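Encoded as structure tokens, the structure appears first; notes follow it.
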Amino acid sequence: EKLDLGDGYAIEAKQVDVDGKKVWLEFSKDGELIDDEIIEVGTSDAKSNTWNVELDDIQGEDDVVVLKLHVNQVFQGAVDSIAQIEGLWLIDYANAIKIASDDEFGELNKVSINGDTLRISNDDTFTLTRDSTEKIGEGMSFKIADTPSTELRYYPFVEKTVGEVTDEEPKETPIEEPIETPIEDDNKTAGDNVSTDTPVEDTPVEEPTPAGESKGTPGFGVVLGLVGLLAVVYLVRRNN
């Protein structure tokens, strides 16, 4: 299993030996192997439980400790063998910078270097207003809580974006308008016939039609006309 440490750094347990109280760990950056170590946790020497990763040529310096990791124990879980990491310390050596005594970082304009000690401060004072954020510099800020007038509570913080950032806006899928397909009615009702003033001759009355011989049902055209009308309404509602 791989433990993501952010900014491309990761720790992966390649193998866990529960019986031998050992774990094989790999340290990588952007998928590239940096270092690996077999750590023993079954000895009385506490130093054997701690892994120090030292690298050379970090801003011109050699033997720079960039990672410290302490394995507390290894044990057999319900399914997998597990290595428990109790403490971990990492510096982002890939983005290390050099600091000179005349450098300034936003509101922090006073740099003091004394041996292995680096102190960055400011000559002026900060005004901490309740329920606000006060920028310090280099992405660092103070967050001041909204407290009563008799209290003041604040903390320093740094904002980081986790994961990939994309500027692309989500594309909207156009909504297709429903298309209404009219259905033509070829059946004409009796009311569709146009009368004229042409004289009509008298037609002799026909004899009653015997049973079994049926003529066209009166009003049949009207029924078909209604069916056609209902079909049009149904399709429109369906498409909507």
Hits in the stretch 94-149 (condition: on the phi > 0 side of the Ramachandran plot and charged (D, E, K, R)): 131, 138
Any residue in the stretch 36-51 that is within 13 Å of residue 89 (Cα to Cα), over 33 Å from the mean Cα position of the chain (by Cα) and assigned to a strand (DSSP E or B)? yes
If you take the residues in the stretch 102-118 that are surrounded by 10 or more Cβ atoms within 10 Å (Cβ to Cβ) and of a type outside the set (A, V, I, L, M, F, W, C), which one is farthest from the chain's Cα centre (by Cα)? 112
May I ask you to list the residues in the stretch 73-121 that are in the same structural domain as residue 16 (by TED's automatic domain parsing), in a loop (DSSP other than H, G, I, E, B) and farther than 17 Å from residue 138 by Cβ? 77, 78, 79, 80
Name the residues in the stretch 122-137 that are in a loop (DSSP other than H, G, I, E, B), modelled with pLDDT under 90 and surrounded by 14 or more Cβ atoms within 10 Å (Cβ to Cβ), would you? 122
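The values are calculated or read from the model by the stated rules, or taken from the named source; none is laboratory data. Quick caveat: nothing in here was measured; it's all calculated off a predicted structure. Here Cβ is always computed from backbone atoms with ideal geometry, including for glycine, and neighbour counts include all displayed protein chains.
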